[in-house]
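Colleague: Here it is, the structure in full.
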Amino acid sequence: MNGLFGTESWWVVIAKAVLIFLILVIYTLFNIWFERRVVAKMQHRIGPNVHGPFGLLQSLADGVKLALKEDIVPTAADKVVYVLAPILATIPAFMAWAVIPFGPEVRIPFTDTVTPLQLTDLPVGVLYILAVTSIGIYGIVLAGWSSGSTYALLGGMRSSAQMISYEVAMGLAFVSVFMYAGSMSTADIVAAQAEDMWFALPLLPSFVIYLIAMVGETNRAPFDLPEAEGELVGGFHTEYSSLKFALFFLAEYVNMVTVSALATTLFLGGWRAPWPISLWDGANSGYWPVLWFLGKTLIFIFVFVWLRGTLPRMRYDQFMKFGWKVLIPAALLWTMAVAVVRRIRLDGGMDQQTVLIVGGIAVTLLLVIAFIPERKQPADDEEPAETDAFAGGYPVPPMPGHQETRPDA
Amino acid sequence: MSLVWPLLLSCALFGIGLYGVLARRNAILMLIGVELMLNAVNLNLVAFDAWWGDALRSGQSLTLFMIAVAAAEIGLGLAIVLGLFRATGSADVDLAVVDTDEQADGAR
Amino acid sequence: MSMVELTFLMLSGVAVFSALLAVSTTQVVHAALWLVLTLGAIAGCYLLIGAEFIAWVQVLIYIGAVVVLLLFALMLTRAPTGPDSATTTSNRNVAAAVSVLVAGGLAAIMVSGFAGERLAPPRGGVGSAASIGDAIFGTWVLPFEILSLVLLAALVGAIVLTRRGPERDNGAPGDVPERAQH
């Protein structure tokens, strides 16, 4: 940990906090524009191109428009909680950025003060981010409940279940990073990757698990079930309008950037320059690292947009099954494997051949397991049950294994 | 800081939690009371750990164990509440007659 | 009275106030929200005592999982969550008397036993993840293993309790209360 944290003068801390806030808001406006342009490109459209150069001011115009709209509070709503919910969703999204490192120590222009480009550093920094982002769930659950609408309630419940489930996989993906870095502080993890290598390479499974979990955690396509338009109208924010809706929108995009920044910090070397640039001596000093950091984050944002432009939405049961039956067991197994390998290496290690043999056996076992056919459902030798498709007064599709009795009329 | 403040806070929280368990009808709200009591105990453990300051960190370790047990407890407790709700149609423990299936049917 | 002590007392006030509201409000969801505030204030108290790791675990597990689960259950049971949904029993006066007696008795014991004892200002590394990790995976590893068994048992128990029996019909998962009526 850097000795400067906790001893800086108050104006430096306030300046850094305000700067982080500004960067996040502007980055959000940029990301909304970026997403619309990229999705448009993927769909052979042009996208917003009227307001400002390349349509860059479009999101600003949209924001102003949203703020000027009528603010509706439904009669059935629980007023206090209804107002509290968007605030609860937004504040944790910003708070997580307190421990994200943007760069090394720099000298503030026009002064002699030297400060790290990070608001503060905690020994348990990543745990802090996990804890703070888990508070954001409240915003969504309470928005769903306080709206007094069934669509919103269902959306809020879906979202809470989804975020709790995928948070587990996310936390497990972090564990192997902690084991490699030997610390939970974000600055230390970046420093450890400078000595070793980017953790995305040796911990590739963790990285992949984290990438999937972060899409699930931010409610983005293909996991955007809480706001599945075809089923739930707008999900938890169905009843929200005007600035309160804008706050949810802001929270969603800031959360997207937060998980991307966390992925950059934990797996892609943080603010340190990527390989070809890192040959240049000045790459890791001064204000340049901010550029590398934002660039790496933008790659993840692009992945988010790419996924949205490519994949259809998953069904809810598939999604939960995937999270609990595939992602979490895989993360657990991989964490175990990393722990064992780390222990062996710390105890003196094995020779190359043993590692290869053990690895080969493991891969073969996995392949064999993958090819074992799934156990068939109990043989349905009995007559397929008949379902009257119109029994309830309205047509329903037959359940699997049931045969529809055709109305003779 | 005086050691008495955390201990007094923990006593107050324990009393409030006890009241919640005794006075509430809804099973989920009784669980809230239980959580308050558990937190009072946790606070005691952490305070005594900081006061005693032994190298084994026994108080804080025990607090972590208690947080884990509380998570297990809330999972089981909510499963029981859901079962109760299924059987009787309400989460009100005073109305619950769930000794046997026959009795439950008779009560309805 | 030091700054730390003053902050601690303020957080204690918040914790007690919101805890009182959590057990007395007539709205079930509001009760859960006041509980969140209590737990957050207690996490702040942990920070002031110097147990940094415990404080963030408290926020992560209690606020991030346990109370969300409570809210989830409140919505899942489809019990009324509107005003006057959280009533108390008629013996609340007895309950209040018992609680005051218990809290007062405990407080008397605490004050008589530990008055004048002082907490040392938090030293670096006392509540850190490293020292607690060393303690748990060294001295306390057996309780830790047993705890994992407890968690497994709770997991299995919760699944068994919420599973419906083999006689389940094709009804949609939502129509349980209606089913219980016939």
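Here, each number is a calculation from the coordinates, and none is a lab measurement. Note that the structure is a prediction, hence the values are computed from the model and not measured. Ideal geometry is used to build each Cβ from the backbone, glycine not excepted, and the neighbour counts take in all protein chains shown.
Colleague: Could you put A:Thr186, C:Thr25, A:Thr364 in order, starting from the residue whose Cβ has the fewest other Cβ atoms within 10 Å?
Modeller: Arranged by neighbour count, lowest to highest, A:Thr186, C:Thr25, A:Thr364 become A:Thr364, C:Thr25, A:Thr186.
Colleague: Under the 0.36 nm per residue contour assumption, what length would be gained going from the current alpha-carbon distance of A:Leu367 and A:Arg107 to full extension?
Modeller: 88.2 nm
Colleague: Let me ask something additional. For region A:20-63, what mean projected area does the convex hull of the alpha carbons give, in nm²?
Modeller: For region A:20-63, the mean projected area of the Cα convex hull comes to 3.0 nm².
Colleague: Can you give the Rg/Rh ratio of region C:1-85, where Rg is from the C-alpha atoms and Rh is the Kirkwood radius?
Modeller: Here Rg/Rh amounts to 1.07.
Colleague: Contact order normalised by length for region C:1-85, with contacts defined as Cα pairs under 8 Å and 6 or more residues apart; what percent is it?
Modeller: Once divided by the residue count of region C:1-85, the mean separation gives 32 percent.
Colleague: Sticking with this structure for a sec: Apply the Karplus curve 6.51 cos²θ - 1.76 cosθ + 1.60, θ = phi - 60°, to the phi angles in region C:108-114 and return the couplings in whole Hz, x for Gly and Pro.
Modeller: Per residue, the Karplus-derived 3J(HN,Hα) values read 4, 4, 4, 5, 5, x, 10 Hz.
Colleague: Along each of its three principal axes, how wide is the spread of alpha-carbon positions in region C:123-163, in whole angstrom units, largest first?
Modeller: 49, 18, 9
Colleague: I want the local charge near A:Met256. Using Cβ-Cβ distances under 13 Å, sum +1 for each Lys or Arg and -1 for each Asp or Glu among the other residues.
Modeller: Here the count lands on -2.
Colleague: How big is the gap, in Å, between the Cα center of region A:249-325 and the Cα center of region A:32-56?
Modeller: Between the Cα centre of region A:249-325 and that of region A:32-56, the gap is 20 Å.
Colleague: How big is the gap, in Å, between the Cα center of region A:75-89 and the Cα center of region A:117-134?
Modeller: For region A:75-89 versus region A:117-134, the Cα centre distance is 27 Å.
Colleague: Once amide H atoms are placed 1.01 Å from N in the peptide plane, what residues at a sequence separation of 5 or more from A:Val106, or on another chain, have their amide H within under 5 Å of its amide H?
Modeller: A:Thr115, A:Leu117
Colleague: Ranking A:Thr133, A:Thr28 by Cβ neighbours within 10 Å, fewest first, what do you get?
Modeller: With the sparsest Cβ surroundings first, the list reads A:Thr28, A:Thr133.
Colleague: Which of C:Thr162, A:Thr238, B:Thr63 comes first, and how do the rest follow, when ranked by fewest Cβ neighbours within 10 Å?
Modeller: If I rank by nearby Cβ atoms, fewest first, I get C:Thr162, A:Thr238, B:Thr63.
Colleague: Which number comes out as Rg/Rh for region A:1-154 once both Rg and the Kirkwood Rh are worked out on C-alpha atoms?
Modeller: Here the Rg-to-Rh quotient is 1.06.
Colleague: Still on this structure, please answer the following. Scan around B:Ser2 for amide H atoms under 5 Å from its own, H built in the peptide plane at 1.01 Å from N, and keep only partners 5 or more places away or cross-chain.
Modeller: Counting only residues 5 or more places away or on other chains, the set is C:Leu119.
Colleague: Which value, to two decimals, describes the C-alpha radius of gyration of region A:227-337 once divided by 2.2 N^0.38 Å?
Modeller: In units of the 2.2 N^0.38 Å rule of thumb, it is 1.42.
Colleague: Next up: Within chain A, how many Lys pairs that are eight or more residues apart, or on different chains, come under 29 Å at the alpha-carbon?
Modeller: Counting lysine pairs in chain A gives 11.
Colleague: A further question on this structure: Using 0.36 nm times the number of residues separating A:Leu66 and A:Ile46, minus their current alpha carbon distance, what extension gain do you get?
Modeller: 4.9 nm
Colleague: May I pose another question? Shape verdict for chain A, please, from the Cα gyration tensor: rounded (a/c under 1.5), prolate (a/b greater than b/c) or oblate.
Modeller: Oblate, since a/c reaches 1.5 and b/c is not below a/b.
Colleague: Could you give the DSSP H helices of chain A that reach 24 angstrom or more along their long axis (alpha carbon positions) and whose average Kyte-Doolittle hydropathy is no lower than 0.5?
Modeller: Qualifying helices, which must be both long enough and hydrophobic enough, are A:10-42, A:79-95, A:125-146, A:150-181, A:242-267, A:288-310, A:328-346, A:352-371.
Colleague: Give me, ordered by chain and number, the residues 5 or more places off A:Ser241 or on other chains with an amide H under 5 Å from its own placed amide H.
Modeller: Sorted by chain and number, the residues that satisfy this are A:Ile72.
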